[in-house]
Structure formats: structure tokens, C-alpha cells
Amino acid sequence: MSESRKLIPTVALRGMTIMPDTIIHFDLSRQKSILAVEQAMMQNQTIFLVAQKDMDVKEPGFSDVYHMGTIANIRQVIKLPNNIVRVLVEGIARAELFAFEDIDEYLLADVVTVDASAVDISDAEAEAMTREIMELFLQYTTYYPKVGKAVGRQLAEVHDLGKLLDQIVSNIPLSFTNRQSVLEKDELKARFHVVKEILTQEVTVAKIRGELQSQVKGRVDKNQKEYILREQLKYIREELGEDNFASDADRFEEETEGLNAPDEVKEKIKKEIKRFRNIASSSAEATVARAYIETLLEMPWDKASEDNKDLKNAKKILDEDHYGLEKVKERMLEFLAVRNLTNKAESPIICLVGPPGTGKTSIARSIARALEKEYVRISLGGVRDEAEIRGHRRTYVGAMPGRIAMGLKNAGVKNPLMLLDEIDKVSSDYKGDTSSALLEVLDSEQNVKFRDHYIEIPIDLSEVLFVTTANSAADIPRPLLDRMEIVEVSSYTENEKLHIAKEHLIHKQLTKHGLKASNLKITDEALKRIIRNYTREAGVRNLERRIGEICRKTARQIFEEEKKSARVTPSSLSSYLGKEKYRFDEANKTDEVGIVRGLAWTSVGGDTLEIEVNIMPGKGELALTGQLGDVMKESAQAGMGYIRSMSKEYGIAADYYKKNDFHIHIPEGATPKDGPSAGITMTTALISAIMGIPVHADVAMTGEITLRGRVLPIGGLKEKILAAKNAKIQTVLVPEKNRSDVEEISDEIKGGIEIVYVECMKEVLDRALCKPMKALKKGKVKDGN
């Protein structure tokens, strides 16, 4: 029920809502509000209090205030300095605002008092609501005990539900909007639900706040406790003489802050330092932790060196350090040019393949010098444990990083030149496959995040310039070979060895043995004799040893006999190096039956093989001696198959093979021999022996034979032709399909030799046999010889 309307002076409150049955004071500074209070005091001391929606509005109108307020009696008015009035009021009842009268001096409101009696609920419901709201309030006071002490007894004496709800809302700290929401509910049930929701929310917030405070307090207490314990621990360590342990941890933290590394790495190091602090300094684990932290701090995570991009300087350095190897130098300079143009750190993995002593390792060192890169050499010969590449896990005693990570650590930068020497010599066992571990290292798509088992943090290898070396590409696993670009480093010619000795080796050995250039003179002819008769190799290592031997003897002569200099000539070589150790098997002076000169490739260069065939009465057996491999034996059988198929054309009796045995022998039986390139040589020797026709002594040949007499291509031509030249061979027969390979060989090697290209055995026999093929058909070979 509502009473009739009445006009009451009104005060619009900023940020404040006053509830019925509440005594409260507030300060006024707005002139209209002060005038409204004065007008109320002159009448019956009744005033209408309503809250503004927006506190910033200076002259509020009807739409700027809430339409539910409180009618109150003014108890006291006190004037304060600065034109401020303090008013003490007592809330009487709710009232609804309908309009403001048009008066300029103050606000005069047209209001209607709202009857908020409990007419909509029964006594039982009111009692239940009262108990429930009091329980909630008691929960609230457990978190805010001051509120409970101040108003708990006062509320216990309130038995009216409506007054209880208003009293609770008035006496707890709430926003004026929450109080306004309660004030606007004239029905008790609705007001109860609003107050219940507010109290529940406040209890929940208070509970969470209490938990947060407990956590913060516990953390603060823990930090204080840790500080005290650390101070005590520091004192104990000082007394025990272990103060260095704590200083190590502090030093590690300082180095971590100044480390040029990704955040992930720094977080890992900080975590390990924290763990290191909590380990007893006397324990073995402390040593492991210290070693691990020091390793991480020494790794060049983001530290890189600047490359020298001067191509002319690179060419100059390569020419200074190496004579010959033009193809290798050209490939290196091409790579450097592309690298400079693209400005990319990524580069192909280059594999230098060639015989020992040909300068593969030294040319990698020269590339590093030309680029001004740090040089790291990792020897892979005999490595058979995967952990050598990936490192050991830290759980093992004596664990350490792998060779790749250690190489980076020693280089001090993340973009060195890393030489993986003898990559064809790696092996595997039950501990893992080393070559498989290298797949990730040498794959530019994967090595961006290479994981070392010891480091445990991904390492970026994409900016490392990898160069590998091998003696034979055939011994490198196929998946690993596929990731590398092969650059052939072939054998040196005699002329190249002569220049290398004059420009590099002699000076190096003189310096090594404390001699000057004026103390020792080795003539060119003496050097040629050393190269030809005292060494047999593809490279120059033994040549350097022989020169070193001469230097040692010269040094002794100068020291003991007080000689000032020595001159080495071909005639005096034997006094320095002893008798000649090697002689080239020169071409035979006479043409012979069943003897043919073949050409072979070895790991130390080319060589000539004199293949001999004898025929004797027997049962048609083929004997092969000279420690031949399976492939070479099969080549001999293929040659015999070809000859038998051509018996009619060559005039050989059909029963000839049943009545004779054939023996093929290759001298130097202690040396293993294998490969298909002696196929046409053995076939020519067999035909010569069967037909009784001599073979030109100054002819040598190489090539694989098929059952139909076709000649297939072979490898190692440069070394083979060089061996033929050293043996004073005049004519060399090579497969037609090797023509492009021969064209790449320098004229220095080919000079003085007639190279004949052959496609079939008929062409081979036409050039090798002393009697032309046309004359073969005129005679018949019967069952004898």
C-alpha cells in the first residue's frame, strides 16, 4: 500500500545510498542541497534523500537520480569551515520519486511513501529467511570480525525481517549501487534474495582473499626463513672453508646475465645454478653439476665471427698453400662466391675424396684461413660409438659432450669451419651406428636443432661450414654420401710433386731441422729421382719424409764436420737415402706371346700389371693365381666365355678347350688385386697365347669386358695413364665411353702417349696383336699349341 503524494525538500547524494532505520551523517557543499536542508528545518525537519546515478553531474535532474530513495528526519545540522554543512539524519521509510517541482533554489520532490511490510510471506517463511540470513551474516563476520563486534548485538535484537535486511546492508561495507539495489526492492522476498546474493558474494570474495593472504604470508615467511638459513649456511661454510662453493654459484649467475644466448638457454642455466646451490660441496654430484654449468656457459650460443669475403684474398691463400688441385680450388672459390652473393650462412657439405697425402686436410685449413674462420678438426677414424658424436647422457659417470659440441666449444664461435677427417673410416658396434648419428649433423634441414645428449639444449649447426675427407667414396654409407657434395682430389703427377717439394716441402723441412736455404741445395734431377725411385704414393707424405731424412743427415754433417753447405745430386742420393726402393716396371723391349700390360688403380696411385697366360695339355681347366678377387676372377671367366663363343671366327678347333688347361697369373702375388678393369687385358693375353701371336710390348690397356666382347667404362684413368707414362708405354687402350674423362686429364699427363678409344674386343685385338685380325682366319688352331 502507498500513502498519498507529498512534496518534500530533497538532497541528491553523490556515491551514497541511505537505508531506512539507519542513523548516519554526511557532508554537503552543494548550495541547492544546503538550501533544501534549511527549508526542511523550517518545516517539519523531514527530507527526502536520493542517490545520483552519476557522481560527476553537478546539477542533477529527474533522469540523473534513482527513483527510489529514503525519507529521513534531520537530527542535527553543523556548519563547518569552507561552507560545508554536516547533517545527521535518521532513515524513516522508502519513498518513490515521481517528479521534481520547478523551483530553482533547491530540489523539491513529489514522492510517495512505500509500504514495505511483510504482507507477501508467512511467519514461518519470515523466520526461515531470518535464520538463513543471520547464518550468512555470521559467516561474513568470521572474515570481518570488527563488523561482527560492532553490530552483532544490535542485529540480534532486530526481529523484523525487513529491518534486519536493511540493517545488515547499512552496516557492512558495500558500494552504493548494491545498497540501491536492496532499497528498490519493496517486496521482502525479492529483497531477501538480493541481500542473500550480496552476502554470499562477499563471503566468497572474503574467503578467496583470505586464501591469497595466507599464500602470500606463507611465501614471505618462507623467504625470510630461507634468508636466515642461507646466512647461517654461509657462516657454516666460512667456518668449514667452503666459501668458494657459494662464490662459484654467484660467478655462474653473473656470467649467465652477460651470456649472449637465447632465453631458453639462460633459463636452463639458472635452473641448474639453483640446483647447484642446494648440493653439498663435498658430494660427487656437485662436481658433475659444476662441470655441466661451465660447459653451458662456454658454448658459443649466439657468438659468431665475421667472415672475410675477399675472393682474391682466398685465391691467393689457396695458391700459396697448394700447388695444383685446380679443380678443387675452383670449386672452393665458386662456393665462396655464392656464399658472398646470397649472404646466407648455410652452405653445402663438401666431401674431399682422394688418396692419402694429397692435401685434403691442409686445403680445409687453407679455406678456414682464407675466410678467417676458426678451424676445428675432428678425426673420425676408428670412431664406433654413437656417443662420440652425440655425447653421453649426464647419468653416466664421466659423461661429456660429443665431439661436435666440444668442437664448437673449443672454437668459441658458432660458425667455425669444422673438418670431419676420415669420414669413411667410421664404424659401428652394439653401442650404435656412428654414421647414422652423422646424418643429422650433415643435413642442413635438421642440424638447426642438433641435440647433444650431454648438453640437452638444441644446438644450431646451420652456420657451421662442414668439410669432410675420405680416401674412398665407396666406403661411405649411401644415406651419408647423399648429403655431401663430392669433390675429387686426385693423385699428383711427377711434375706437381716436383713443384710441391720445391715450393713447400723443402722450406718446411729446412725450418723444422734448423737449417737455412744456404745450407742445403737439392737439384731438380735429384728430386725427380727421389719421387720416382724412393717413393711410390699418390700424395707427398713419403716424399716429405725422404727430404726430412736428407735434412737430418745434412744437419749432422754441418754440426760434426763443420761444413757450411751440402749439395744433393742424383749421384749422391744413395749416400743420403740408401739404395733405390722402387723401380717402375718399364715396357718390355720385345713383343711376347701371352704377356699383356694392364693398368690398375691403387690407393697410392696408378700401377701397371703384367698379365701372363700359359697353356698346357689338360682337361680344359682355368687356373687363376696372384691373389685375385672375386670380381677379377669373374672377368677372366667372362673373357674365356667370349673367346669360346668366337672360336669359329678365330679358327680355333672345337675340342681345343677340352684338351688344354689355361693358367692366368698376375705377378706380385702377395698384393691383393680386384676389379673388372683388367677384363680386356686378360682376354687379350688368352687370345695371344691360344693363337700364338705376340702382343706389342709398348701397348697397355684397361677396360671391362662383357660376354659379347663389348668394352665397358672404368675409373681411375688419371692415375692409370700416369702409371703408363712412368712405365714408358707408348699406346694406351681405353673404353670409348671414357673419352670425356680422358679429356679432363691435363696435357702434362697425356703428353707423349697415344690414347686409343675402343668399343669392342675386335678393336682391342687390332691394336694390341702384332698380327692383324684379318690374318687370323687364314690359320687354324688345332688341339695342340
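Among the criteria (1) open to solvent by 60 Å² or more (accessible area, probe 1.4 Å); (2) assigned to a helix (DSSP H, G or I); (3) out of contact with any Ser or Thr (no Cβ under 9 Å at 6 or more places or on another chain); (4) over 21 Å from ALA566 (Cβ atoms), the one ILE486 does not fulfil is (2). Selection within the stretch 60-75: residues that are polar (S, T, N, Q) and open to solvent by less than 70 Å² (accessible area, probe 1.4 Å). The member of this set that is nearest to VAL37 (Cα to Cα) is ASN73.
Of everything in the stretch 247-281, what is of a type outside the set (Lys, Arg), touching a residue at least 40 places away in the same chain (Cβ under 8 Å) and either open to solvent by 10 Å² or more (accessible area, probe 1.4 Å) or in contact with an Asp or Glu (Cβ under 7 Å, 6 or more places away or on another chain) (or both)? Give them in sequence order. Scanning the stretch 247-281 gives ASP248, GLU255, LEU259, ASN260, ALA261, PRO262, GLU264, SER281.
This table checks each residue for (1) farther than 30 Å from LYS658 by Cβ; (2) in contact with an Asp or Glu (Cβ under 7 Å, 6 or more places away or on another chain); (3) open to solvent by 20 Å² or more (accessible area, probe 1.4 Å); (4) modelled with pLDDT under 90.
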site	(1), (2), (3), (4)
THR683	no, no, no, no
MET691	no, no, yes, yes
PRO713	yes, no, yes, no
ALA727	yes, yes, no, yes
THR731	yes, yes, no, no
PRO735	yes, no, no, no
GLU754	yes, no, yes, no
CYS760	no, no, yes, no
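Whether any residue in the stretch 29-43 is among the polar types (S, T, N, Q) and under 16 Å from VAL111 (Cβ atoms) is what I want to check. Spell out how you get there, then give the answer.
So the first thing to find is which residues in the stretch 29-43 are among the polar types (S, T, N, Q), and the list is 29, 31, 33, 39, 43.
Next, from what is left, pick out any that are under 16 Å from VAL111 (Cβ atoms): 39, 43.
The answer is yes; a qualifying residue exists.
Taking the condition open to solvent by less than 30 Å² (accessible area, probe 1.4 Å), among the aromatic types (Phe, Trp, Tyr) and more than 38 Å from the chain's Cα centre (by Cα), does TYR534 pass?
Yes; evaluated as a whole, the condition is true for this residue.
For the stretch 338-381, a residue qualifies if it is within 20 Å of SER305 (Cβ to Cβ) and of a type in the set (Gly, Ala, Ser), and the qualifying residues are ALA345, SER347, ALA364, SER366, ALA368, ALA370. Filtered by the rule that a residue be more than 14 Å from ILE92 (Cβ to Cβ), exposed (fewer than 15 other Cβ atoms within 10 Å of the Cβ) and either in contact with a Leu (Cβ under 7 Å, 6 or more places away or on another chain) or of a type outside the set (Ser, Thr, Tyr) (or both), the stretch 17-37 gives HIS25, ASP27, GLN31.
Just the residues that are assigned to a loop (DSSP other than H, G, I, E, B) and open to solvent by less than 80 Å² (accessible area, probe 1.4 Å), please, taken from the stretch 567-592. Before the answer, list the steps.
Taking the stretch 567-592 first, the residues assigned to a loop (DSSP other than H, G, I, E, B) are 569, 578-591.
Within the stretch 567-592, THR569, GLY578, GLU580, PHE584, ASP585, ALA587, ASN588, ASP591 qualify.
Tell me, please, whether a residue that is surrounded by 13 or more Cβ atoms within 10 Å (Cβ to Cβ), outside any helix (DSSP H, G or I) and hydrophobic (A, V, I, L, M, F, W, C) can be found in the stretch 495-514. No. The residue that is farthest from VAL158 (Cα to Cα), among those in the stretch 18-77 that are of a type in the set (D, E, K, R) and part of a strand (DSSP E or B), is ASP27.
Screening VAL114, VAL87, VAL57, VAL50 for residues that are at pLDDT below 90 and crowded, with 16+ Cβ neighbours inside 10 Å leaves exactly one candidate, VAL114.
Show me the helices (runs of 4 or more DSSP H) found entirely inside the stretch 655-744 where at least 3 residues are within 57 Å of the chain's Cα centre (by Cα) and aliphatic (A, V, I, L, M). In the stretch 655-744, the matching helices (runs of 4 or more DSSP H) lie at 717-726.
Output the number of residues of the stretch 621-640 satisfying the condition of being of a type outside the set (Val, Ile, Thr) and open to solvent by 30 Å² or more (accessible area, probe 1.4 Å). Spell out how you get there, then give the answer.
Let us first name the residues in the stretch 621-640 that are of a type outside the set (Val, Ile, Thr), namely 621-624, 626-630, 632-640.
Applying the additional criterion that residues be open to solvent by 30 Å² or more (accessible area, probe 1.4 Å) yields 621-624, 627, 630, 633-634, 637.
Residues that pass the stated criteria total 9.
The values are calculated or read from the model by the stated rules, or taken from the named source; none is laboratory data. Quick caveat, the model's predicted, so the values are computed rather than measured. FYI the Cβ positions are ideal-geometry reconstructions off the backbone, even for glycines, and counts take in every protein chain you see. Areas reflect the complete protein model, heavy atoms only, side chains present, ligands, DNA and RNA absent. Shrake-Rupley method; radii C 1.70, N 1.55, O 1.52, S 1.80 Å.
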